[in-house]
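Read the structure below first, then the notes.
What follows is calculated from the coordinates using simple rules that are stated; it is not laboratory data. This one's a predicted model, so the numbers in the text were calculated from it and none came from an experiment. Positions of Cβ are generated from backbone atoms using ideal geometry, with glycine treated the same way; all protein chains shown enter the neighbour counts.
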Amino acid sequence: MNVINKVLELINKVFIPILVKNEMFNLLCFLLILNLKKIKKIKPKKRIKYKAIVLYKSGGFDDLVESQKMSNNDILYLICPRIFFKYIFFSIFENKSHNLSDLNYLSNEKKIINLKKKYKNFLVNLLKILKKKYRIKLIISFGFYFAERELHSACSKIKIPFLLLFKESIHSEFQKNYFIYTFKKTKGKFNGYKIGVYSKYAKELLLKSGVANNNQIKIIGCSRLGASFSYKKIVPKKQILYYAIQDDRGLPNILIDTFGGKFYRHLTQHKFYKKRIDWNKTHLKTMKILKEFAKKNPKIEILIKVKVGQNSNLNEYKNLPNNIKVFTKGAGHKLLKYSKVVIAWNTTSLLEGIAANRFLIIPYFHGKIKNIKKFELKLNLKTKNYGYTENDFCNKLNLLINSQYDESFFHNNLDSLEYYLGNKDNRAGYRLNNFIRNNLSYKKNNLTKS
C-alpha cells in the first residue's frame, strides 16, 4: 500500500463515521469519489458513455478483467475499496451487537431489522447524489457480503443496476446439500438486479435456496479461465507447481464450525458425518515427498502456492531446499504459465490446470475414508493422474515431469470445466461482456432476459 492509499485509508477511518453521524451526504459522496480508481487494464477504447463502480474482490475481479480487456469500448470501470461501505455500515450500527456476517444475514431481532432499514435509507440518499452528480450507471460486486446487502436494495430503489458476479460453484457432492440448506436459512433474498453465475449448479444453488428467482440469474461461466486456456500454446519448463492442500476443501467443516452441529440436525446427510475429516495429513505427506524430490532433483524448480488466508508460517514451509519457492500472495493461476506438472486436491486450480493442458497428479493417499468419492470433485481424469500411495505418487511424478509436452494433444478430459466453471468453450468472457452490456439500464419488474 503506497503513501497516498495509507493516507486515504486513515481519512476514511476517521471521517466516514463523522459524516454518517451528521448525515453529510454531499461530503461523503465526495469522499467516495476520491476513493475510486480507474481500472487501467480495461480502460475504454472509445468515448466514455457509462461509469461503473466495481467493489474489489480477487477472483471475481480477474473474471471482469479477462472479459473486458478486449471487449470494453465505452465503460469507465472504477474500483472502490469494499471497506468504504463497511465503515458506513459500522457507523450506522454504532457497535451495537449483531450476528450479521457474509454467511448469515437473516435476523428476527427488531433492532437489527430497524438498523438495516436505516442503513438502506442512508445509502439511498447517498446514491441519489452519486447518480445525479457523477452519473454512475452500474455497480458490480462478487459475493453476498454483509455490508453490501442493503446496497443491493438501495440501488434497486433508485434504479441503479447492481450486478453480482457469483463465484461459488466448486463444491463436492457432499457439500451441495449443506450449502442449499444453509443458504435457505441464512442468506436471505437477493434484492439487487441480476446475478451472473459460473454454472448450472451455481444457479441451482441460488434457486433451491430461494436466494434469487430464475429471471435474476444468468449462467455466464468463469472468464478468468481464459488466461489458463492461453497457456496451452506455451511449452512449459521442467517445473512443478503444488497448490497447497486446504484442510477442508470439499467438506462442510466451515459451515458446521460457523453454525454448530445442531443447526444441521434436520439435514439427513449430516447424521452420517459424525467423524470429522480433513486433508492435513495428505498435505504433510505431499510436502515430505516434494522436499525429498527437490533434494534428488536440484535442477527442477518446485513452486508452492499457499492460498491467501492460509497460514504459511508453518513448519512444513521452513528449511526448504533452494529449488522450492513458496508463494503466499497473488493469483495462483499465473504460476501455471511455465509449470509442467500441477499437484492439487479439490480446488479451482485443478480446473485451471486442465484448461492450461498441464500434466496433473492428485495426492490420493488419504487413508481409509468411507465413500471418499462424494467428498471430491468430479474430474474424469485417468489413473495416471492419481498417486494412490506415496511410492506410486513419486513414480508418477517422475514419469510426468520427464514426459514430452505436446501442445496439440489434450492431456485431460474437459467436461469438468463445463460442470464447475461453465467454460469448456473458452467463451465465458464473451458471455460476461454481453451480460454487462444487456444490463446497463434498469428494466421494469426485473423480468427481461439478460
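Per-residue ellipticity at 222 nm computed for the chain from its helices equals -12000 deg cm²/dmol, with DSSP H segments shorter than 4 residues left out and the rest contributing -39,500 (n - 2.57).
Over the stretch 375-415, the pair-distance histogram of Cα-Cα distances with 10 Å bins from zero comes to 24, 47, 27, 1 percent, rounded to whole numbers.
DSSP assigns beta bridges within the chain; of those with both partners inside it, close to 5 percent run antiparallel.
Sequence gap at least 6, Cα distance under 8 Å: using those rules, report the relative contact order of the stretch 272-412 to the nearest whole percent.
After rounding, I find 21 percent.
Cross-link pairs exceeding 25 Å in C-alpha to C-alpha distance, out of LYS189/LYS370; LYS131/LYS443; LYS45/LYS237; LYS285/LYS382; LYS86/LYS133; LYS325/LYS382, comprise LYS189/LYS370; LYS45/LYS237; LYS325/LYS382. The trypsin sites (Lys or Arg not before Pro) found in the stretch 215-258 that occupy coil by DSSP, while having at most 15 further C-beta atoms within 10 Å, are LYS237, LYS238. The residues neighbouring ASN108, those whose beta-carbon lies less than 13 Å from its own, together hold a net charge of +3 under the Lys/Arg +1, Asp/Glu -1 convention. Computed over the stretch 309-372, the range of Cα coordinates on each principal axis works out to 37, 30, 23 Å, biggest value leading. Listed values for the stretch 222-234 are Karplus-derived 3J(HN,Hα) couplings in whole Hz (6.51 cos²θ - 1.76 cosθ + 1.60, θ = phi - 60°), namely 9, 5, 5, 5, x, 4, 5, 4, 5, 6, 4, 7, 9, and x replaces Gly and Pro. Helix screen, the chain: DSSP H segments with Cα axial length of 27 Å or more and mean Kyte-Doolittle hydropathy at least -1.0 are 3-21, 110-134. Residues ARG47, ARG82, arranged from fewest to most other Cβ atoms within 10 angstrom of their Cβ, appear as ARG47, ARG82.
Which order do CYS80, CYS155, CYS222, CYS394 fall in if you start with the one that has the fewest other Cβ atoms within 10 Å? Mind dumping the intermediate values first?
Numbers: CYS80 19, CYS155 25, CYS222 32, CYS394 16.
Least crowded to most crowded, the residues run CYS394, CYS80, CYS155, CYS222.
Working ranking of peptides 253-265, 175-187 by packing, defined as the average number of other Cβ atoms within 10 Å per residue, highest first, is 175-187, 253-265. For the stretch 29-117, taking Cα atoms only, Rg and Dmax work out to 17.1, 50 Å respectively.
Taking the fewest neighbouring Cβ atoms within 10 Å as the starting point, the ordered list for TYR388, TYR201, TYR243, TYR420 is TYR388, TYR201, TYR420, TYR243. So what is Rg over Rh here for the stretch 227-421, counting just Cα atoms and using Kirkwood for Rh? Here Rg/Rh amounts to 0.97.
Working from the Cα coordinates of the stretch 118-239, the gyration tensor eigenvalues give, after taking √(5λ), semi-axes of 31, 22, 12 Å in decreasing order.
Expressed as a whole percent, the proportion of Cα-Cα pairs in the stretch 379-450 lying more than 14 Å apart is 75%. The aspartates and glutamates within cross-link reach of LYS21, meaning a Cα-to-Cα straight distance under 13 Å and a gap of 8 or more places when in the same chain, are GLU94. Proximity of backbone amide H atoms, modeled 1.01 Å from N, is registered between ILE217 and ILE195 at under 5 Å, excluding neighbours fewer than 5 places apart on the same chain.
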